[in-house]
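Since every read-out is calculated from the coordinates, none of them should be taken as a lab result. None of these values were measured; they are calculated from a predicted model. Quick reminder, even Gly has a Cβ in these numbers, built from the backbone with ideal geometry, and neighbours come from all protein chains shown.
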Amino acid sequence: SAVISQKPSRDICQRGTSLTIQCQVDSQVTMMFWYRQQPGQSLTLIATANQGSEATYESGFVIDKFPISRPNLTFSTLTVSNMSPEDSSIYLCSVEPLGDTQYFGPGTRLTVL
Amino acid sequence: AQSVTQLGSHVSVSEGALVLLRCNYSSSVPPYLFWYVQYPNQGLQLLLKYTSAATLVKGINGFEAEFKKSETSFHLTKPSAHMSDAAEYFCAVSDRRSGNQFYFGTGTSLTVIP
């Protein structure tokens, strides 16, 4: 398995601002993923972030809105840009250290006013 | 393409009663299947997984699930519910390729009645 931490754990932000979420893993992993969980709903994959390459975004998500960095094998950031109330969600990162199972961080709870 | 259907968005059971959470999947290839639990204000925790070994998979906290290919199901069970089992449960499927997307069900909220 893997131990994953996220910062911040929660935040309340104003409309039009941006928030950068950090994800730190206790071991080196190739694959990292960012998910969004809107209130009362399931998880939706935003993008896959591999170290050394551009993130791959899923349909409906664009780099200008959700820029991702992956500077090394233990760290990634997701920025939620120009936020609106519709961006209020839980944002989770996950890793796949063994090739078949994803392990999740505790999530960042974002409220946009 | 893969997809997951969880029947019943809300399930209530009495403490000590059987827990049964249903999950059916659709996959064009033999899948990997997972159950995750999300306690209030927390992230997702892996309960158990099926990756083509034994079809009856035992997980943490007394949960188990059985992969039934003929029924395309992977239902989660626990013989005796405990108050601490109250949480949101998600079934997920992947198509076995490393780094492939996980497809999550819509989740089932389990309430345990004392």
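The table for this structure:
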item	result
Percent of beta bridges antiparallel (DSSP, chain B, rounded to nearest 5)	85
Most mobile of B:Gly59, B:Gly16, B:Gly43 in a GNM of chain B (Cα contacts under 10 Å)	B:Gly43
Spin-label proximity, B:Asn61 to segment A:29-44 - amide N less than 19 Å from point 7 Å beyond Cα toward beta carbon	A:40-43
Lys/Arg +1, Asp/Glu -1 at C-beta; chain B dipole; positive extreme among B:Asn61, B:Thr106, B:Pro31	B:Pro31
FRET efficiency, 1/(1 + (r/R0)^6) with R0 22 Å, evaluated for B:Ser3 and B:Lys69 via beta carbons	0.85
Cβ charges +1 (Lys, Arg) and -1 (Asp, Glu), total dipole of the protein assembly as shown, debye	40
Mean separation of Cα contacts under 8 Å, 6 or more apart, over the residue count of chain A: relative contact order %	37
For residues of B:32-44, the mean tally of beta carbons on other chains within 10 Å	4
Euclidean distance of C-alpha centroids, segment A:1-36 and segment A:64-87, integer Å	8
Chain B, relative contact order in percent, only Cα pairs under 8 angstrom and at least six apart counted	38
For chain B, alpha-carbon Rg over 2.2 N^0.38 Å	1.01
Per-q log10 I(q)/I(0), segment A:3-113, q = 0.11, 0.14, 0.20 Å⁻¹ (Debye; single scatterer per alpha-carbon; no solvent)	-0.30, -0.49, -1.03
Cβ charges +1 (Lys, Arg) and -1 (Asp, Glu), total dipole of chain B, debye	320
Any cysteine of chain A lacking a neighbouring Cys Cβ under 4.7 Å - listed by number	A:Cys13
Distant-in-sequence amide H partners of A:Val112 (H built 1.01 Å from N, under 5 Å)	A:Cys13, A:Ser88
Of all DSSP beta bridges in the protein assembly as shown, antiparallel share, percent nearest 5	90
Those residues of segment A:53-88 whose amide nitrogen sits under 16 Å from the label point placed on A:Thr17, 7 Å along Cα→Cβ	A:79-88
Debye log10 I(q)/I(0) for the protein assembly as shown, one point scatterer per Cα, at q = 0.09, 0.10, 0.13, 0.15 Å⁻¹	-0.37, -0.45, -0.76, -1.00
Efficiency of FRET from Cβ geometry, A:Glu58 and A:Asp26, R₀ 25 Å, rounded to 0.05	0.40
